[in-house]
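What follows is a short report on a single structure.
The values are calculated or read from the model by the stated rules, or taken from the named source; none is laboratory data. Since the model is a prediction, treat every value here as computed from it, not as a measurement. Cβ coordinates were reconstructed from backbone atoms using ideal geometry, including for glycine residues, and neighbour counts include every protein chain displayed.
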Amino acid sequence: MTNMLDQVFVLLKHRIVGLVPMPVQPILGAVLSVVAILAVFPGLFAISVLLERKGLGRMQNRIGPNRVGPLGVLQPVADGIKALIKEDLVPYSADHVVHFLAPVVLVVVVFMGYAVLPMGRNMTFVPMDAGLLFYFAMGASAELSIFMAGWSSRNKYSLLGAMRAVAQMISYEVPLLLSSVVIVMMTGSLSLDKIVEVQNQYTWGLPHWFVFTPMGFAAFVMFAIAATAETNRSPFDLPEGESELVAGYFTEYSGFKFAEFFLGEYVAMLSISGLGATLFLGGWSAPLEILNVVPSWFWFFAKIMVWICFYIWMRGTFPRLRQDQLMNFAWKFVLPMTLLNLLVAGLWRFMGEGWLRWVVCSAILLAAYVLGGRIGMRSKKFGPRSYRYAE
Amino acid sequence: MLGEGLLKGLGETARNFAGSFVSKERLTTVQYPEEREPLPEASRAFPFLVYDGADWEAGLRCVACQICEKECPPKCIYIEKSKDKKPDYVGKPQIYPAKFDIDISVCMSCQICVEVCPFEAIKMDNQFELATDDRFGGLLYDRKELARSNEYYHKIHPTEAAEVDARLAEEKAKAEEKAKAVAAAAAAKAAPAMAAKPAEGAQPQ
Amino acid sequence: MSPLSCYLLVAALLFAVGLAGALTRRNAILVLIGIELMLNAANLNLIAFWRYGPHPEALTGLMFAVFSIAVAAAEAAVGLGLVISIYRHLRTVDLDEISRMKG
Amino acid sequence: MVIFAILAPLTVAGGLAAVMLRNTVHCALAVAVAFAGLALLFLQLNAQFAGFAQILVYVGAVAILVVFAILLTRSSETPATGVFSKTWLTGLVIAAAVFAVLAWAVLGSRTALPHEQIEPQIAVAQIGYALMGRYVLPLEIVAVLLTASMIGAVIVAMYEKGGAK
């Protein structure tokens, strides 16, 4: 029964595909998967927007949207209708073709990333051997569409926002990749299915998630930081800092194209949360062995939503960084830490089984963190700031 | 320690988040159209015209002196004087406004008209929900729409209205006294000269 | 025509296009783009030969292409750095105007 | 073959647009299309790893670097003197001649070229083992080269007058 529930979507797909003649079957299977992804993730997008607005409200001692529907749950629907019926304005001197293509490219590229995410047992759209590489290739392509949006608008705020976004995404892609490489070193595979399989084992009922190993935890923290910057979320949201750049690279977009950017941003957030959950939090595997009765896809989506809630929490708490702080943080703190983490992962591999490697690896990482933090706090770059004219 | 402040901040927002479900006093939001807070007494939005008594047309305090029209910075007041006269609160015959229009869409709520009015005839209302779908006529108020009774004035600004009433009563008393004195003087002057007509001029009302 | 010759023809065409770009454009950055296109055409050749060659399991062509991608990335970084530093000196990136050798 | 018939014209068109358009930023975007088309051709040739590396390096980094350079050097405005150099005719002739020679060589050797081969199934792990085994020396050399070029690029593009940064 549990197995049945676990595989319900897979069985359903097989049943539907079985209805058509043989040559059409692969095409129909692909279409079904695409439709499922296109239906589920925009739905999750709506839910996370609502959660964000309500949650941020509560963190600021407000109520949040509560007018549309009971407790305001239909707010995303109202927002969607509003975005769709708004006039689509294109600035007179904008580069029309590029201006049109930018959001389309963004949304397409962002959705492509889902192709390799294992969303449950046997629930990967394309079980690819180089899945992780594919995911990062798609993530890297999103940058060009952001540049296209900013440049084609012929607006200096848009261009500034786009250049900030691109510089930030390039800078944080390096730690993002390097912190994932730790996991690749530990599993010996670029395939995301394989990575989840390795984590889906239990000792004394506890899972073998990579976040519970010293360098896995360090990589997890680094990955979370880099992922936040990669998706232009607060506190790294200065590409779209409302108070400085109006809205950054999508200032000149309205109506449906704006909605596309909004969707692209949130869907990218969901997808990078999915990747983070897959790499560090065991993907679709249950947090305790006895909880395996709950379907695997439930755990995947639950982990995504927890990650999203953490994003919202951070957005409600942290102030925005300055551009130079952002760059200094990426190149002078996160990148050296990820490089050290790679070394530690190698050490872990060569020290063999036993408790000694736990102690040594944790000690190295902790010492580096404390030392790096001390030195950083003492330098003017990240330490507590003093204002010359305030006070 | 690096990151300590971040954790502290996260704790603070978490406390806010959880607290907003538990304690009512954290959520200070007032759900406006359904529930509203009482307006403070000094709140003011747009001017209105005060009248005494029951009949708004007869009781208007305004005497169409046009000071407010001249002083209004955005020039949103338009007054037309009447041809005939009617008695004011003191009893003196005065002209009254045949037309008194205020364009609320132009008014900037500066209250200068109230300050310059020598007759306490124009005061500030606290009604602010004046939105209308008529762009041109809907916000151009004539004297009928502007007229509010003195009781209404007492209701929205009790302290201020009481002061105004006291001042008016004092003025009225003074005017009566003066009139009486004038009458007495006239009577005293007239008495020796014309004893046959003692009452003339002694009753101005 | 065998698939391999199709790929080779596409690669030759791309190489010629890149060469034409590198030879005819004034802008130094676009000359770099032309060179990148030529490198990519060569990569396509390498991979096509690997795919249709006798010993694909030896991975020779594929490895060659991967290394060539890495080298091309280094080349692009240094090349664009040079272009920017030339621009800073001479305030132009027009190759017809960059004629002196003194910095 | 159908996919090839779509991808090849797309790639060549991207390349052509990259060298012919007047607006420099359009050129950079067109070359990104050409790079992406090439990556898809690599995938078509069963070279997954090379294809993804191509997208990651070219579309994700080189194209971005190019647009940064274009914006930093103010060459997004079309210059008054024209976009093609004075000797454009010579360049075109040379390019055409090169293409003619290459095409002649390819078409002439048609019979010598191997025909349909079985599709090689290469796992990424095999590439990894090859990189760490047979190709470890080139790998190390490339690593040194990349480090050196990164430092070199930073030094070349850095401000020289001891001022900012």
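When you look at C:Ile29, is it within 7 Å of chain D (Cβ to nearest Cβ), of a type in the set (Val, Ile, Thr) and in contact (Cβ under 8 Å) with a residue 40 or more places away in the chain, yes or no? Criteria met by C:Ile29. Residue selection: A:Thr228 fails the criterion of being buried (at least 24 other Cβ atoms within 10 Å of the Cβ), assigned to a helix (DSSP H, G or I) and not small (Gly, Ala, Ser). Taking segment A:210-231 as the range and being out of contact with any Ser or Thr (no Cβ under 9 Å at 6 or more places or on another chain) and within 13 Å of A:Ile195 (Cβ to Cβ) as the test, the residues that pass are A:Val211, A:Gly216.
Among residues of segment C:82-93 that are more than 7 Å from chain D (Cβ to nearest Cβ) and of a type in the set (Ser, Thr, Tyr), those with a beta-carbon under 9 Å from a residue that is part of a helix (DSSP H, G or I) and surrounded by fewer than 20 Cβ atoms within 10 Å (Cβ to Cβ) at least six positions away or on a different chain give the pairs C:Thr92/C:Ile86.
Every residue, every condition in (1) within 25 Å of the chain's Cα centre (by Cα); (2) surrounded by 16 or more Cβ atoms within 10 Å (Cβ to Cβ), yes or no:
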residue: A:Pro319; (1), (2): yes, no
residue: A:Val334; (1), (2): yes, yes
residue: A:Leu339; (1), (2): yes, no
residue: A:Leu342; (1), (2): yes, yes
residue: A:Leu347; (1), (2): no, no
residue: A:Trp355; (1), (2): no, no
residue: A:Val359; (1), (2): no, no
residue: A:Leu366; (1), (2): no, no
residue: A:Gly373; (1), (2): no, yes
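Of the numbered criteria (1) more than 7 Å from chain D (Cβ to nearest Cβ); (2) touching a residue at least 24 places away in the same chain (Cβ under 8 Å); (3) of a type in the set (A, V, I, L, M, F, W, C), the one C:Ala58 fails is (2).
A count restricted to segment D:119-140 and to residues that are in a helix (DSSP H, G or I) and either closer than 19 Å to A:Ala130 by Cβ or at the interface with chain C (Cβ under 9 Å from one of its Cβ atoms) (or both) stands at 11.
Scanning segment A:1-46 for residues that are surrounded by 12 or more Cβ atoms within 10 Å (Cβ to Cβ), among the β-branched types (Val, Ile, Thr) and under 21 Å from A:Phe298 (Cβ atoms) gives A:Val8, A:Val10, A:Ile37, A:Val40. Does D:Ala13 fit the bill of being more than 9 Å from chain C (Cβ to nearest Cβ) and buried (at least 22 other Cβ atoms within 10 Å of the Cβ)? The answer is no for D:Ala13.
Of the residues A:Ala218, A:Ala165, which single one is within 14 Å of chain D (Cβ to nearest Cβ), of a type outside the set (Phe, Trp, Tyr), in contact (Cβ under 8 Å) with a residue 60 or more places away in the chain and not in a loop (DSSP other than H, G, I, E, B)? The conditions single out A:Ala165. For segment A:12-113, the helices (runs of 4 or more DSSP H) that sit wholly inside it and include 3 or more residues that are touching a Gly at 6+ places or on another chain (Cβ under 6 Å) are A:25-59, A:96-112.
Residues of segment A:59-73 include at least one that is on the phi > 0 side of the Ramachandran plot, surrounded by 16 or more Cβ atoms within 10 Å (Cβ to Cβ) and in contact (Cβ under 8 Å) with a residue 12 or more places away in the chain. Only strands (runs of 3 or more DSSP E) whose full extent lies in segment B:85-175 are considered here, and the ones with at least 3 residues that are modelled with pLDDT of 85 or more and within 14 Å of B:Trp56 (Cα to Cα) are B:93-103, B:147-149. For B:Leu10, indicate whether it is over 30 Å from B:Tyr141 (Cα atoms), part of a loop (DSSP other than H, G, I, E, B), within 8 Å of chain A (Cβ to nearest Cβ) and hydrophobic (A, V, I, L, M, F, W, C). Answer is no for this residue. From A:Phe250, A:Phe329, A:Phe258, A:Phe298, grab the single residue that is under 25 Å from A:Ala115 (Cβ atoms) and either buried (at least 21 other Cβ atoms within 10 Å of the Cβ) or of a type in the set (A, V, I, L, M, F, W, C) (or both). A:Phe298 is the lone residue from the list that is under 25 Å from A:Ala115 (Cβ atoms) and either buried (at least 21 other Cβ atoms within 10 Å of the Cβ) or of a type in the set (A, V, I, L, M, F, W, C) (or both). Does B:Cys68 count as under 15 Å from the mean Cα position of the chain (by Cα), of a type outside the set (Val, Ile, Thr) and not in a helix (DSSP H, G or I)? Taking the combined requirement at face value, the residue does not satisfy it. Pairing residues of segment B:42-60 that are modelled with pLDDT of 85 or more with residues that are of a type in the set (Ser, Thr, Tyr), at Cβ distances under 8 Å and at least 6 apart in sequence or on separate chains, gives B:Arg44/B:Ser109; B:Ala45/B:Ser109; B:Phe46/B:Ser109; B:Val50/B:Ser149; B:Val50/B:Tyr153; B:Tyr51/B:Ser149. Take the conditions more than 8 Å from chain D (Cβ to nearest Cβ), surrounded by 18 or more Cβ atoms within 10 Å (Cβ to Cβ) and within 21 Å of D:Leu41 (Cβ to Cβ) and apply them to C:Phe67. Does it pass? No, not satisfied.
Every condition in (1) facing another protein chain (nearest Cβ under 8 Å); (2) surrounded by fewer than 21 Cβ atoms within 10 Å (Cβ to Cβ); (3) at pLDDT 85 or above is met by A:Leu177 except one, and the failing one is (1). Is it true that some residue in segment A:273-287 is surrounded by fewer than 22 Cβ atoms within 10 Å (Cβ to Cβ) and over 17 Å from the mean Cα position of the chain (by Cα)? Yes; the residues of segment A:273-287 include at least one that is surrounded by fewer than 22 Cβ atoms within 10 Å (Cβ to Cβ) and over 17 Å from the mean Cα position of the chain (by Cα).
Inside segment C:33-42, residues that are in contact (Cβ under 8 Å) with a residue 24 or more places away in the chain and facing chain D (nearest Cβ under 7 Å) make up a count of 2. Remark: A:Ala30 matches the filter, which requires a residue to be at pLDDT below 85 and either under 30 Å from A:Asn122 (Cβ atoms) or touching a helix residue (DSSP H, G or I) at 6+ places or on another chain (Cβ under 8 Å) (or both). Only residues that are out of contact with any Asp or Glu (no Cβ under 9 Å at 6 or more places or on another chain) and of a type in the set (S, T, N, Q) were counted in segment D:28-66, giving 2.
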